[in-house]
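Peer 1: So that we are looking at the same thing, I have put the structure below in structure tokens.
The values are calculated or read from the model by the stated rules, or taken from the named source; none is laboratory data. Only a predicted model underlies this, so the values are computations on that prediction, with no experimental measurement involved. Cβ sites come from the backbone with ideal geometry, for glycine too, and all protein chains shown count toward neighbours.
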């Protein structure tokens, strides 16, 4: 195994993940699980490459000791370099399946699994994965007319929820990268500077990282709504310049071996409007209250209730979720799709989980985002980032 | 319309795209088209934001003058800022639909379209879009038990194939960004330099762009296989340093207002192995022959035949496609999923199309990528990038 390419974790750690997946499969009565989410593929095997724009999958069978990687021919060598899988468990498909309306790679994969005798019984598929389109499902089920498919969306994501010591080490390093990137971004935001130049500075910091370790590409590019655009969270940058008396939101992540630590801050050039400054103070207080609430045994929605108790007297209402589980991911999302911090989510928090506590607040005219990413410990919440928790005001 | 946020094209250009889509729908007998591919959503409306990690769609109805944008509540203001759509055509869904296994946003969208009387007749859906999962399709069809859904994957992509003058202007600017990024990357690749630092330099150039215009995020991050990793195309970077007598492949794109100009080059530190140097020369000659073949009226596969005629006498065989249509896109792919340069693709090339001619060649031990992006003109192919077309050798 060449250390320049090898997996991010030990063979034992991948084995333990596969064993945990088998247990979850048994509990759900699944004989085979076909995983197409690239984060789940990476979690189970180490596989890493920007090849998820074509169909690919990892199959876990109760009857097989190893997971099976299936993907495009030219990516098989990437599977050899980035996983511990033996060669028989790496199954390339011909390039004619790529972007071909007449032949879908899921059909090939189904036939391959059938030939290995693995398609008898109940087959779990990730019905709501980006990499499992309606057509992929139709191709799979047409190729396996007698198989029973069951929705197993996020079965592996829920196993990913509790992080191992090795994963936690990457999360903490991702925290360092987030600090660097946020500092670079805020330093660059100034009247007359183009948004694209601030974004470039953020990328540079995210990827070059520290002298001790570099950064991986985050699953989401820096989001940089500015001025009126702060009324919505997911705008990126433009060539326009930052303007006096306007706020800019920076939401970004540090990413280390695909583990994410997201962070949001808001920077204001000039004098804040009084309502914005007041709301920022309330949001910081509420964020700290929310973080203080986080510890093992607390339900996700209790964190929200604690936050709401602080903001409601100030007339602040928020109807979107205020956070989610984070960790290993690929574009388009750094969230794990499991825990959402919102009323009704009664998931019990446990040590080893990691959350982006992101109570963004948007009116039709402006918005503020000040967030923290935390690791849940035996006794509470450890902030993964150390960065001033405030509305950053830069006099002009 | 605030120029800091507004759409990349005129209202007339978007109108023309919607009209062309309606014509294609009529030809296919569709009354309604539900588009979920973010590139197609942007093409039809201008909508732009990194919100495609949750369900969103643009619906085009034969019976409605405007397309309808449907997305997450917090993204509705992004639709107001980045499109010309009137407010009644912007339909937000409640946040409870986000990452909620009990309620899928496609169900909400189906109900909204039904309430507008638009779900009678045949409904086209993008069955093979990343943003149209098996579960999305199940939710839509369950909410519309009487509707007939038809696969309309890439209906809009095929309309996108011929670029307008305004799109071509962006493609040419993307070419400038690709040149800058490639020059920065190759300059940084040196013995002992970390791969992540070369990647950071590429990102910096891609995004900061020129004094006249900045860059947008490409749909794929820089791919940077090095050393043994050059035997597969989709590896990104690591913390490892570049090594003497090893090659590194750089595949990247410039991206301007979401329009991509991809480019691949291979750089060698030290002395090339003789076979690699020879293959590189043959590949450059074959690439030039392929480009010379490109003009209106030629079939896609004829370009491949011309390329093969040059390489075959040298024992070079390639079973993967050697290029594809490019233009507007979002992660995870900068290719349009329409034309593939491979045997069997008889699509007739026309002026206004743009192709990434990418005859990458990989053995189990090493690989070479030297590519060009071209615009098809009335008389031939215009290279969108001007960059030395050779194996870059850097003495150590």
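Peer 1: Taking the conditions exactly as written (within 14 Å of chain B (Cβ to nearest Cβ), surrounded by fewer than 22 Cβ atoms within 10 Å (Cβ to Cβ) and within 20 Å of the chain's Cα centre (by Cα)), does residue A:103 satisfy them or not?
Peer 2: No; evaluated as a whole, the condition is false for this residue.
Peer 1: So, in the stretch B:123-147, how many residues would count as being more than 14 Å from every other protein chain (Cβ to nearest Cβ) and either assigned to a helix (DSSP H, G or I) or out of contact with any helix residue (DSSP H, G or I) (no Cβ under 8 Å at 6 or more places or on another chain) (or both)?
Peer 2: Final tally of qualifying residues: 3.
Peer 1: Inside the stretch A:54-65, can you point out the residues that are in a loop (DSSP other than H, G, I, E, B) and touching a residue at least 24 places away in the same chain (Cβ under 8 Å)?
Peer 2: Residues satisfying the conditions are A:54, A:55, A:56, A:62, A:63, A:64.
Peer 1: Identify all residues within the stretch A:67-84 that are away from every other protein chain (no Cβ under 12 Å) and over 19 Å from residue A:108 (Cβ atoms); write none if there are none.
Peer 2: Correct list: A:83, A:84.
Peer 1: Then there's this: Out of the stretch A:302-332, which residues are within 13 Å of chain B (Cβ to nearest Cβ) and over 12 Å from residue A:356 (Cα atoms)?
Peer 2: Those that are within 13 Å of chain B (Cβ to nearest Cβ) and over 12 Å from residue A:356 (Cα atoms): A:304, A:317, A:318, A:319, A:320, A:329, A:330, A:331, A:332.
Peer 1: Go over the candidates A:118, A:113 one by one and state the one that is in contact (Cβ under 8 Å) with a residue 60 or more places away in the chain, within 27 Å of residue A:13 (Cα to Cα), surrounded by 23 or more Cβ atoms within 10 Å (Cβ to Cβ) and away from chain B (no Cβ under 14 Å).
Peer 2: A:113
Peer 1: Taking the options A:64, A:26, name whichever one is more than 14 Å from every other protein chain (Cβ to nearest Cβ), within 30 Å of residue A:170 (Cβ to Cβ) and at pLDDT below 95.
Peer 2: Checking each option against the conditions leaves just A:64.
Peer 1: Mind checking whether some residue in the stretch A:333-346 is surrounded by fewer than 23 Cβ atoms within 10 Å (Cβ to Cβ) and away from chain B (no Cβ under 14 Å)?
Peer 2: No, that holds for no residue.
Peer 1: Within the stretch B:309-319, identify whether any single residue is assigned to a helix (DSSP H, G or I), modelled with pLDDT of 95 or more and in contact with a strand residue (DSSP E or B) (Cβ under 6 Å, 6 or more places away or on another chain), and answer yes or no.
Peer 2: no
Peer 1: Return only the number of the condition from (1) within 13 Å of chain A (Cβ to nearest Cβ); (2) not in a strand (DSSP E or B) that residue B:254 does not satisfy.
Peer 2: (2)
Peer 1: Here's a follow-up. If residue B:259 meets every condition in (1) touching a strand residue (DSSP E or B) at 6+ places or on another chain (Cβ under 9 Å); (2) in contact (Cβ under 8 Å) with a residue 40 or more places away in the chain; (3) farther than 30 Å from residue B:40 by Cβ apart from one, which number is that one?
Peer 2: (3)
Peer 1: Mind counting the residues in the stretch A:66-89 that are out of contact with any strand residue (DSSP E or B) (no Cβ under 7 Å at 6 or more places or on another chain) and part of a loop (DSSP other than H, G, I, E, B)?
Peer 2: Of the residues in that region, 3 qualify.
Peer 1: Identify, please: which residue in the stretch B:74-87 is over 15 Å from residue A:235 (Cβ atoms) and in contact (Cβ under 8 Å) with a residue 12 or more places away in the chain and is, among those, surrounded by the fewest Cβ atoms within 10 Å (Cβ to Cβ)?
Peer 2: Of everything passing the filter in the stretch B:74-87, B:86 is surrounded by the fewest Cβ atoms within 10 Å (Cβ to Cβ).
Peer 1: List the residue pairs whose Cβ atoms are under 7 Å apart, where the first residue sits in the stretch A:232-253 and is on the phi > 0 side of the Ramachandran plot, the second is part of a strand (DSSP E or B) and modelled with pLDDT of 95 or more, and the two are 6 or more positions apart or on different chains.
Peer 2: If the second residue must be part of a strand (DSSP E or B) and modelled with pLDDT of 95 or more, the pairs left are A:245/A:269.
Peer 1: If you don't mind, there's one more thing I want to ask. Considering A:187, A:183, A:174, which residue is part of a helix (DSSP H, G or I) and surrounded by fewer than 16 Cβ atoms within 10 Å (Cβ to Cβ)?
Peer 2: Exactly one residue qualifies, and that residue is A:187.
Peer 1: Filter the stretch B:190-210 down to the residues that are more than 20 Å from residue A:258 (Cα to Cα) and within 7 Å of chain A (Cβ to nearest Cβ), then identify the one that is surrounded by the most Cβ atoms within 10 Å (Cβ to Cβ).
Peer 2: Looking at residues that are more than 20 Å from residue A:258 (Cα to Cα) and within 7 Å of chain A (Cβ to nearest Cβ), I get B:207.
Peer 1: Going by the conditions given, is residue A:220 facing chain B (nearest Cβ under 7 Å) and not in a helix (DSSP H, G or I)?
Peer 2: Spelling it out, residue A:220 is indeed facing chain B (nearest Cβ under 7 Å) and not in a helix (DSSP H, G or I).
Peer 1: Take the residues in the stretch B:350-396 that are within 14 Å of chain A (Cβ to nearest Cβ), touching a strand residue (DSSP E or B) at 6+ places or on another chain (Cβ under 7 Å) and assigned to a strand (DSSP E or B), then tell me which one is surrounded by the most Cβ atoms within 10 Å (Cβ to Cβ).
Peer 2: B:355
Peer 1: Go through (1) more than 11 Å from every other protein chain (Cβ to nearest Cβ); (2) in a loop (DSSP other than H, G, I, E, B); (3) crowded, with 24+ Cβ neighbours inside 10 Å one by one and return the number of the condition residue B:244 breaks.
Peer 2: Condition not satisfied by residue B:244: (3).
Peer 1: Being in a loop (DSSP other than H, G, I, E, B) and under 18 Å from residue B:131 (Cα atoms) is the filter here, so list the residues in the stretch B:90-101 that pass it.
Peer 2: B:98, B:99, B:100, B:101
Peer 1: Does residue B:311 meet the test of being under 27 Å from residue B:235 (Cβ atoms), in the same structural domain as residue B:256 (by TED's automatic domain parsing) and either surrounded by fewer than 23 Cβ atoms within 10 Å (Cβ to Cβ) or touching a residue at least 12 places away in the same chain (Cβ under 8 Å) (or both)?
Peer 2: Here the answer is yes, as residue B:311 does meet what is asked.
Peer 1: Working only within the stretch B:228-237, note down all residues that are within 7 Å of chain A (Cβ to nearest Cβ) and either touching a strand residue (DSSP E or B) at 6+ places or on another chain (Cβ under 7 Å) or surrounded by fewer than 24 Cβ atoms within 10 Å (Cβ to Cβ) (or both).
Peer 2: Across the stretch B:228-237, the qualifying residues are B:228, B:231, B:232, B:233, B:234, B:235, B:236.
Peer 1: Among the numbered conditions (1) at the interface with chain B (Cβ under 7 Å from one of its Cβ atoms); (2) buried (at least 24 other Cβ atoms within 10 Å of the Cβ); (3) under 21 Å from residue A:259 (Cα atoms), tell me where residue A:213 comes up short.
Peer 2: So the condition that residue A:213 fails would be (2).
Peer 1: Going by the structure shown, is residue A:333 closer than 21 Å to residue A:251 by Cβ, modelled with pLDDT under 95 and outside the structural domain of residue A:36 (by TED's automatic domain parsing)?
Peer 2: So residue A:333 fails the test.
Peer 1: While we're looking at this one, here's another question. So which residues in the stretch A:283-307 are in contact with a helix residue (DSSP H, G or I) (Cβ under 7 Å, 6 or more places away or on another chain), surrounded by fewer than 19 Cβ atoms within 10 Å (Cβ to Cβ) and more than 22 Å from residue A:378 (Cα to Cα)?
Peer 2: The one that is in contact with a helix residue (DSSP H, G or I) (Cβ under 7 Å, 6 or more places away or on another chain), surrounded by fewer than 19 Cβ atoms within 10 Å (Cβ to Cβ) and more than 22 Å from residue A:378 (Cα to Cα): A:285.
Peer 1: Could you check the stretch A:190-208 and list, in sequence order, the residues that are assigned to a loop (DSSP other than H, G, I, E, B) and under 19 Å from residue B:217 (Cα atoms)?
Peer 2: A:193
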